[in-house]
Amino acid sequence: MFKVSHDSMSAWLIYFLFVAYGVFQVEAILDKDNFTLEELLDEEEIIQECKALNSRLINVLRDRAQVEQLLRYIIEEPPENAESKRTFKFPFIACEVFTCEIDVILKTLVEEEELMNLLFSFLEPDRSHGSLLAGYFSKVVVCLMIRKTVPLMNYVQAHQNVFGQLVDLIGITSIMEVLVRLVGADEHVYPNFIDVMQWLAESNLLEMIVDKLTPSVPCPLQLIFLSPFGRLSLS
């Protein structure tokens, strides 16, 4: 007969109590008459509660105002005198909230053009494009590609300057990944794959990329990046 050691039981009990305490802290914040998004983001168990589909928490985070603030943590550099939480923790947790792939939160984002404009404003040339925030931006866009493919591609097609801005930032690895994924996906990703490929073929995207990559980007990287575009040039 299988026996559980005393040490194993103690470890599991400690873990259970730790998780239960975290859940209690999140619920305690939600029970308050007035609480801030920052209070929730500061709780260690918020991501676990998102993954557990805590309905009270998700109903708060799906609100347009909360989604907007989450986006701002991802795309806006913190003030110079900002606390460490504002600089590092809150942007990280905000990104994790989106990449938990909770449908109603992503739905709030893609169905509100102003929020999509805010997300992609990160690409504007007058913005700071630090590698940390660029990574968070890229993760959110890739998440939308996977979970909200049609509204994302509809947005990009309606805002064709997005491709140009992505190409301008191709030297940032995480931004390059977004561009590669956008143009390199197949019919398993895009329900309207043929229409998307036709649209890409009719654009000057390939020319923009070639101009940008030559000669500033090393040759091996050019080969890696341009490989998804072969079918476009043959269209």
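Computed values, structure above
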read-out: Where labels lie 7 Å past Cα in the beta-carbon direction, separation of Asn154 and Ser84 in nm; value: 4.4
read-out: Segment Arg127-Lys32, length gained on full extension (0.36 nm per residue, minus Cα span); value: 30.5 nm
read-out: Förster-model FRET efficiency, 22 Å R0, Asp42 and Arg64, C-beta, rounded to 0.05; value: 0.50
read-out: Stretch gain in nm, segment Arg72-Ser203, where the contour uses 0.36 nm per residue and the Cα spacing is subtracted; value: 44.1 nm
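Readers should treat all values here as calculations from the given coordinates under stated rules, not as data from a laboratory. Quantities reported herein were computed from a predicted structural model and do not represent experimental measurements. No Cβ is skipped: glycine too gets one built from the backbone with ideal geometry, and neighbour counts run over all protein chains shown.
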